[in-house]
Amino acid sequence: MSWKVADIPDQKGRVALVTGANSGLGLETAKALLNKGARVIMACRSRPKGEAVRQIILESNDSTKLDLIELDLADLASVRRAAEQVERQYSRVDLLINNAGVMATPQTLSKQGLELQFAVNHLGHMALTLKLLPLLAKQHGARVVTVTSGAQYMGRIAWEDLQGIKHYDRWAAYSQSKLANVMFALELDKRVRNAASGIASLLAHPGLARTNLQPKSVAANKSWQEGLAYRLMDPMFQSAAMGSLPQLHAATAPTAQGGEQYGPRFNFRGYPKLCRIAPLALREEDRQRLWSISEKLLEI
Ligand SMILES: NC(=O)c1ccc[n+]([C@@H]2O[C@H](COP(=O)([O-])OP(=O)(O)OC[C@H]3O[C@@H](n4cnc5c(N)ncnc54)[C@H](OP(=O)(O)O)[C@@H]3O)[C@@H](O)[C@H]2O)c1
């Protein structure tokens, strides 16, 4: 059976926070949850960009339960401010969708001097999640969905050079950050289960979806070859709406469980199905190692 947006159960009364909700998969996720009755908090790096998209969504929607907060995952101070604002403004959060991301950026540092992809895709989301856990734990059936990528299967954690200081390869750094997403989500699931918090942590990957991710990467790297490759690969890409289905399924399907990963049926495209986790993320010792290193980095 093909699971579609129409299958999302009623979300009335629930609050969902979606990072990177002004574009691509985050935007589709925000719209779908809003249409199903949730209050949606769009957590966006740029307030003007976020506000413009928020207005467009509101124009074509009966619900006005769409809020915006500023969140720059490349700056841990901004993550702290965003989490504090959520704690102050909302009495509940039922769904946290760790969706925002950057891909294959030229070597760049975050505000705290960490490699940008590791900082935005993994560390910033880890910081946000840990700060929001007490609020999530108040809600029966709260879920955290972390959006990873098929790049997880190619990913390696460069334990001796996590920040790519000795050697930086932008694709290896992306794959590392997406494997880190998986390791984080699984370790989180174990920890919230052990604490009997009632929270479930799940994973989703979209396959190949037409969003701003690829054009941004081409522009940042000034790579016409990459631009050409994406044009040739275009028939393999699915729409952003289709790409958002695995994360929507992980967030809302009553059958989805903590520790599971959903992705497209045919790896790159298709309706969501339960899918295989990267073998390297299954090593518990490595997950704990990454967790402790990340915790230390979050103290910077
Ligand atoms: N599209 C695909 O084929 C594909 C495949 C595998 C995995 N994914 C994953 O899917 C997720 C969503 O990506 P997408 O395809 O929807 O790309 P997208 O259209 O480029 O959206 C990415 C979102 O992340 C936000 N973002 C980037 N840096 C941020 C920061 N420092 N702080 C806060 N937000 C930030 C962007 O904000 P701005 O608009 O301000 O830049 C944007 O809202 C990512 O985690 C990506 O790795 C996508």
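Using only the alpha carbons of the stretch 2-56, what is the convex hull's orientation-averaged projected area in square nanometres? Mind showing how you got there, number by number?
Values: hull surface 15.4 nm².
Taking the Cα atoms of the stretch 2-56, their convex hull projects to 3.8 nm² on average.
Considering only C-alpha atoms, what is the centroid distance from the stretch 243-276 to the stretch 1-39, in Å?
14 Å
In nm, to one decimal, how far is the modelled label at R47 from the one at S2, with both set 7 Å along Cα→Cβ?
A separation of 4.2 nm, rounded to one decimal place.
Within 11 Å, Cβ to Cβ, of W3, how many net charges do the neighbouring residues add up to if Lys/Arg are +1 and Asp/Glu are -1? Present the calculation step by step, with values, prior to reporting the outcome.
Values: positive: K4, R265, K273; negative: D7.
So the environment of W3 carries a net charge of +2.
Taking 0.36 nm per residue of sequence separation and subtracting the Cα-Cα distance, how much length would be gained by fully extending the chain between T255 and Q85, in nm to one decimal?
Gain in length upon complete extension: 58.0 nm.
How would you rank 258-265, 58-65, highest first, on the average number of other Cβ atoms within 10 Å across their residues?
Values: 258-265: 21.1, 58-65: 11.2.
The densest-packed peptide leads the list: 258-265, 58-65.
Mind sorting V147, V15 by how few other Cβ atoms lie within 10 Å of their own Cβ, fewest first?
V15, V147
Give the order of W291, W3, W224 when sorted by the count of other beta carbons within 10 angstrom, beginning with the fewest.
On the way: W291 17, W3 20, W224 9.
The fewest-first ordering by Cβ neighbours comes to W224, W291, W3.
Where in the stretch 78-110 does the amide nitrogen come within less than 17 Å of the point 7 Å from the Cα of Y168, taken along Cα to Cβ?
Label zone hits: 102-110.
Readers should treat all values here as calculations from the given coordinates under stated rules, not as data from a laboratory. Bear in mind the structure is a predicted one, so any value in this text is a computation, not a measurement. Positions of Cβ are generated from backbone atoms using ideal geometry, with glycine treated the same way; all protein chains shown enter the neighbour counts.
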